[in-house]
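Any read-out appearing in this document is the output of simple, stated calculations on the displayed coordinates, not a laboratory observation. Computed from a prediction, not measured in an experiment: that's the story for all the values here. Cβ coordinates were reconstructed from backbone atoms using ideal geometry, including for glycine residues, and neighbour counts include every protein chain displayed.
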Amino acid sequence: MPEPNSGCHLWLGAMSDDGYGRLGGNGRMRNAPRLLWIETYGPLAPGLVVRHKCDVRACVNIDHLCVGTVADNNNDRDTRGRHVALHGEKNGHSKITSSTAVAIFLEPGKHQDVAWKFNVSKPLVQAIKSGRLWQAATKPYWSPSWLKELEQRKRLKAAA
Ligand SMILES: [Zn+2]
């Protein structure tokens, strides 16, 4: 769908949690801008990624895409302040997404039951529930009483 102001073509298909357009293919979800680039210009050399000149992550206008290294991409992300502090998703610790982390965080019941329900390990549930992992994702859902408890725990730890 062409976006009138910027000329961006916004991808309206399935969207990954980090806002990049994705397509299904080979039984795996694939990055839509990358797929479009490969379809247009052929395969990418190893270590190269498709980047957005327009910084619109859902944009699939081939004129707005360019190729760079992963380092370029990370640089961009930092300098443009776009870095999403979703701990866990990219660090290899877990295979869940931020929305799953939030769902786990909000799910009542025993940690073991929650772990079964979401098909994750109990330690992961504990880490999410205690705010050790996915803090940035779950923080908006922290209740005042839970924050108080967290403060108390911190104070006890400091006193010990
Ligand atoms: Zn664009």
Packing-based exposure ordering (other Cβ within 10 Å, fewest first) of Cys54, Cys66, Cys8, Cys59: Cys66, Cys54, Cys8, Cys59
Label-point separation (nm) for Gln126 and Leu150, each offset 7 Å from Cα along Cα-to-Cβ? 1.9 nm
Report, ordered by chain and residue number, the lysines lying within cross-link reach of Lys139, taken as a straight Cα distance under 25 Å and ignoring same-chain residues fewer than 8 apart. Lys90, Lys95, Lys110, Lys117, Lys122, Lys129, Lys148, Lys154, Lys157
What are the semi-axes of the equivalent ellipsoid of segment 98-159, taken as the square roots of 5 times the eigenvalues of the Cα gyration tensor, listed largest first and rounded to whole Å? 22, 13, 10
Rounded FRET efficiency, nearest 0.05, which uses the C-beta distance separating Thr40 from Lys95 and R0 of 35 Å: 0.70
